[in-house]
Structures are given as C-alpha cells and as structure tokens.
Amino acid sequence: MNAKGKTSIKEHKTTMTASALMHWAGFSAMAAGLCFIVIGMFHPVNELSAVATPTWVNVHIFAFALGSVGVFGMAGLYARQAEKTGWLGLAGFILFSVWMIVISGVSFVEAFILPRLVSVSPTFVEGFLGMFSGAPSQIDLGILPTLWKISEPLYLLGPLLFGIAIFRAGILPRWAGALLIVGATLGPVSALLIPAEYQARVMLPNGLALLWLGYALFAERREKITEAVRDQRTVKPEPSEVA
C-alpha cells in the first residue's frame, strides 16, 4: 500500500474516532436530560420527613449522575457548534457545566449521607436543608452554603447564555435552545409564584431541551460514523511501486 492509501485510512480512522466521541456525547446529553426530568417530576419537598424515603434517595442519585453525564454531554454540544457560538457559547457551556458539578457534589451528600443521619443527627440534616431555603442553621456547614448561593446565578446564566448561543448559531435545533432560555428564566420566578412542592417542575424545560439536543447530536454522528465506515471499505490499496 502506498503512502496515499495509508494517509487515507488514517484520516478515516481519525474521523471515526471523533464521530464516535460526539456520538457518545449526544447519548450523555440525552441521559442528562432524563436526569433533569426525573428530578423535576419527582423531587420531594426539602423536609426532614422526606429525607429517608426511597423517592428522596433515588431522585438525588439521578442528580448526582447529572454531574458526569451532563458535563460530557455539554462538551459535545459545545464542540459541535464552537465556531458559530463564540464567547457566548463558551460562557454558557462553562457556567452550566460548573453548575452541574456543584449540584452533583451536593446531591452526593443528599443521596448517600443525609438519609443515614436522619435518626442519628436530625439537627445536622435540618441545618443542611435550611441551606436551600435560607433558614439559619445551628450547624457549621463550612463552604457548602456559599457554593449553593453561587449555584443560583450559575443556573440562571448558564442555560440562558447557552440557549441564546444555540438559537443564534442555528446548527443544533433552535427551539431546543429556546427551551433552555425558558428554563433559565423560570428559575427566579418559581420561588415567588410556585408552591414549594412544585418548584422542581421548572427543571423540565431544560430536561426536554437536553434530550432534544442530545438526540440531534447522537443521530447526526451516527450517520457520519456509517458514512465513514462505508468510505473506508471502498478504499482500495494500490500496489506499491517496485524499485
């Protein structure tokens, strides 16, 4: 096989690797969307009596998983349109991803630690839950209340900027970007207008948006992988020249 044939095969392999990564990033974005939907539909009220229930544990396991699948999915969504989204897309990607990481850490405590402390140290659990409502705590929670305060503007600005960038770029479905914008703006409104037991529902638009965007990326890259495999099979080695 001559140098031209080898170069062609290497290019196909590189294309397949990149396409496969984007393919899995799309799948991860869909999984993140599913996590959002589960949290939005089933998150119980932040009360001591709910902490030891199976619903509380399961919902926060999904919230914990959001930190891994969500960040990988966001990386793929951003990479797909990075040239078109510019600084707006980059800022939205970073802010939204940092929010997911913070939420993942807090949710780990909620899923695996708080349920074990309900009967042992209810004061600690109540103090931890008070972090979400701003109620004073008798327990020193260290940096956690500060992280939670930081997460609020992250959740507002991250999806908002990323949604605007998607809508302007027009590479991925624009109306999925619009859903992210709606989800971001509903956050501040929910605390004022929506009863506590329904406030988690404001996460549903973001969940639907990530499902939509993830599927678009997943389906697009699956087609490109198929094309790359087909093209590679058609590459015929040429006989090397005999000196």
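The values are calculated or read from the model by the stated rules, or taken from the named source; none is laboratory data. Values in this document were obtained by computation on a predicted structure and should not be read as measured data. Here the Cβ is made from the backbone with ideal geometry for all residues, glycine too, and neighbour counts use every protein chain on show. Keep in mind that these areas ignore ligands, DNA and RNA; they rest on the heavy atoms of the full protein, side chains included. Shrake-Rupley method; radii C 1.70, N 1.55, O 1.52, S 1.80 Å.
Annotations
- Looking across segment 141-157 at every residue that is β-branched (Val, Ile, Thr) and at pLDDT below 90, the one that is surrounded by the fewest Cβ atoms within 10 Å (Cβ to Cβ) is identified as 143.
- Verdict on residue 189 being over 16 Å from the mean Cα position of the chain (by Cα), at pLDDT below 80 and either more than 17 Å from residue 42 (Cβ to Cβ) or in a loop (DSSP other than H, G, I, E, B) (or both): yes
- Single condition residue 97 does not satisfy, out of (1) at pLDDT below 95; (2) under 12 Å from the mean Cα position of the chain (by Cα); (3) hydroxyl-bearing (Ser, Thr, Tyr): (1)
- Odd one out for residue 174 among (1) open to solvent by 70 Å² or more (accessible area, probe 1.4 Å); (2) in contact (Cβ under 8 Å) with a residue 24 or more places away in the chain; (3) not β-branched (Val, Ile, Thr): (2)
Each row is one residue, and each column tells you yes or no for (1) closer than 20 Å to residue 72 by Cβ; (2) surrounded by fewer than 21 Cβ atoms within 10 Å (Cβ to Cβ).
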| position | (1), (2) |
| --- | --- |
| 93 | yes, no |
| 102 | yes, yes |
| 108 | yes, yes |
| 116 | no, yes |
| 122 | no, yes |
| 126 | no, yes |
